[in-house]
Amino acid sequence: MTLAQLKDEIIAYSKSIGIDKIGFASADPFLQLKDRLLTQKQLGYQSGFEEPDIDKRVTPERLLPHAKTIISIALAYPSKMKNPPKNTREERRGIFCRASWGKDYHHILRERLQKLEQFIRERAPEARTVSMVDTGELSDRAVAERAGIGWSGKNCAIITPEFGSYVYLGDLITTLSIEPDVPLTDQCGSCTKCIDACPTGALVQGGQLNSQKCIAYLTQTKDFLTDQYRKKLGNRLYGCDTCQQVCPVNKGKDAHIHSEMEPDPEIAKPKLIPLLTMSNRSFKEKFGHVSGSWRGKKPIQRNAIIALAHFKDERSLPVLTDLVKNDPRPVIRGTAAWAIGVIGSYQEKKLLTELKKSECEEKVLEEIEKGLNIIENKSF
């Protein structure tokens, strides 16, 4: 069998196991990416979730000796929810980003990649392979761009002609030397809608993201959220889709191909108040299978409190009061105190004043003071 024939067989097999797009790229070092990553590091634009060794991120041979080819795969996910629950004054809801709808995509793509690896080794026993999804060293987007899966949009996402940017990406490095595909031409043109719409200005310019300001990153942090970003958060519990939603290429793109990616509306768009009293066990039982749960319940609960403040939901005051009084986590107590100030009135001023006497954590005291100042400055 020639390598050209093997490539055709790999493509055909990939379709049979539910891979929506597949592309082939050389495993040469990503030199331009290295320059960009060094710039990002110097500017302090990294999130901290990335692989810290930049050479590993740009040199496939560091991950697999004698690497010759990288296979990029893409699976399309839904952009619209069937029968979404309404967000009413009686039942305020938060929202998980679309990439966290359905089963955790890491598991879905790893399963596809494992099958692909096994298929390749059966057809070419001499081949060695290494695969990764998202948390691996390589930049999935750089690989997908080189492999012709899509072009790298100004929103820093891979945009495919068929599915827009609503795709999950995975990589498979191999020692086989397979003919590479041709990269797609950038089709963003002069459009800047994603840059203009970014809630925090995290998209510094086309293709450059300050991760420290990106709401998708901010929703995953575990500490107090900086004041300037709390209003920007809205009712987002995990991630942000704004730069995808405004993209003209994404208009009308809504793939319902994989049943395991279909969202449970009560999980993708959950009621906010019940989130605040969930135990670790109940949180894992309900949300543990989605990618947005990977940081645990604390960031989600903190974001839920901010969302209730966003809605000025007076129904949440009893549970917020209980959190300020009894929750052992300073971030939750403090954020709840601030939210009480946003939602409450003079009655809550008395509550927060009393809480100052018993609170010992400095940061929580600062949040109580913020809440009091907000109440003071309201005109009733």
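What follows draws every value from the coordinates through simple rules; no lab data is involved. Not measured: the values here are computed from a predicted model. In this analysis, Cβ positions are derived from the backbone assuming ideal geometry, glycine residues included, and neighbour counts consider all displayed protein chains.
In whole Å, how far is the Cα centre of the range 152-198 from that of the range 275-314? Using only Cα atoms, the two centres lie 32 Å from each other. Under 5 Å between amide hydrogens, built in the peptide plane, is the criterion, and for K68 it picks out T174, T175, L176 among residues at least 5 positions away or on other chains. Of the residues Q46, L75, L233, the one whose Cα sits farthest toward the positive end of the charge dipole of the chain, with +1 on the Cβ of Lys and Arg and -1 on the Cβ of Asp and Glu, is L233. Per q in 0.08, 0.10, 0.12 1/Å, what log10 I(q)/I(0) does a Debye calculation on the alpha-carbon atoms of the chain return? For the chain at q = 0.08, 0.10, 0.12 Å⁻¹, log10 I(q)/I(0) is -0.47, -0.70, -0.95. In sequence order, the range 222-237 has phi-based couplings of 10, 8, 4, 7, 4, 3, 5, 9, 5, 5, 6, 5, x, 10, 6, 9 Hz under the Karplus curve 6.51 cos²θ - 1.76 cosθ + 1.60, θ = phi - 60°, and Gly or Pro positions carry x.
The alpha-carbon positions of the range 312-380 define a convex hull whose volume is 69 Å³ per residue. Extending 7 Å from Cα along the Cβ direction at I54 and again at T277 yields two label points whose distance is 5.1 nm. Taking the average, over residues, of other Cβ atoms within 10 Å as the packing measure, peptides 39-52, 61-74, 141-154, 259-272 rank 141-154, 61-74, 259-272, 39-52 from highest down.
Restricting to DSSP H runs of at least four residues, report the calculated mean residue ellipticity at 222 nm for the chain, -39500 (n - 2.57) per run over all residues, nearest 500 deg cm²/dmol. Mind dumping the intermediate values first?
On the way: 17 runs with 161 residues, N = 380.
Theoretical 222 nm ellipticity from helices: -12000 deg cm²/dmol.
Note the full-extension length gain between T353 and I257 as 0.36 nm times their separation in residues minus their Cα-Cα distance, in nm to one decimal.
Working: separation 96, 0.36 × 96 = 34.56 nm, distance 5.44 nm.
Roughly 29.1 nm would be gained on extension.
Projecting the Cα atoms of G371, P328, I343 onto the charge dipole of the range 312-380 (Cβ charges, centred on the Cα centre) puts I343 farthest toward the positive pole. Which residues in the range 94-111 have a backbone N closer than 18 Å to a point placed 7 Å from the Cα of D264 along the Cα-to-Cβ line? Answer for the range 94-111: 94-108.
Given charges of +1 on the Cβ of Lys and Arg and -1 on the Cβ of Asp and Glu, with all other atoms neutral, how large is the dipole of the chain about its Cα centre, in debye to the nearest 20?
Working: 57 positive and 49 negative charges, 231 e Å.
Dipole magnitude for the chain comes out near 1120 debye.
Residue pairs exceeding 23 angstrom between C-alpha atoms, taken from K34/K232; K271/K297; K231/K286; K286/K363; K82/K103; K7/K103: K34/K232; K231/K286; K286/K363; K7/K103.
In this simple spin-label approximation, N326 and W294 carry label points 7 Å from Cα along the Cα→Cβ vector, and these lie 3.4 nm apart. Per residue, the average separation of C-alpha pairs within less than 8 Å and at least 6 apart gives the range 128-178 a relative contact order of 45 percent.
Highest mean packing comes first when the peptides 193-199, 230-236, 280-286 are listed by Cβ atoms within 10 Å, giving 230-236, 193-199, 280-286.
Here the Karplus curve 6.51 cos²θ - 1.76 cosθ + 1.60, taken at θ = phi - 60°, turns the phi angles of the range 288-302 into couplings of x, 8, 9, 5, x, 9, 5, 8, x, 7, 4, x, 5, 5, 4 Hz, with x standing for Gly and Pro. Dipole size of the range 105-190 about its Cα centre, with +1 on Lys/Arg Cβ and -1 on Asp/Glu Cβ: approximately 120 debye, rounded to the nearest 20. Relative contact order of the chain, taken over Cα pairs closer than 8 Å and 6 or more residues apart, is 19 percent. Dipole check for the range 312-380: with +1 at the C-beta of Lys and Arg, -1 at the C-beta of Asp and Glu, and the Cα centre as origin, the magnitude is about 120 Debye. Taking all Cα pairs closer than 8 Å and separated by 6 or more residues, the relative contact order of the range 312-380 comes to 34 percent. By the rule of a C-alpha distance below 17 Å, with chain neighbours fewer than 8 residues away ignored, the aspartates and glutamates paired with K154 are D140, E145, D186, D196, D241.
Given 0.36 nm per residue, what is the gain on full extension from E314 to K15 after removing their alpha carbon distance, in nm? Please list the in-between numbers first.
Values: separation 299, 0.36 × 299 = 107.64 nm, distance 5.13 nm.
Additional length available on full extension: 102.5 nm.
Unpaired Cys in the chain, meaning no second Cys C-beta under 4.7 Å: C97, C156, C188, C191, C198, C214, C240, C247, C360.
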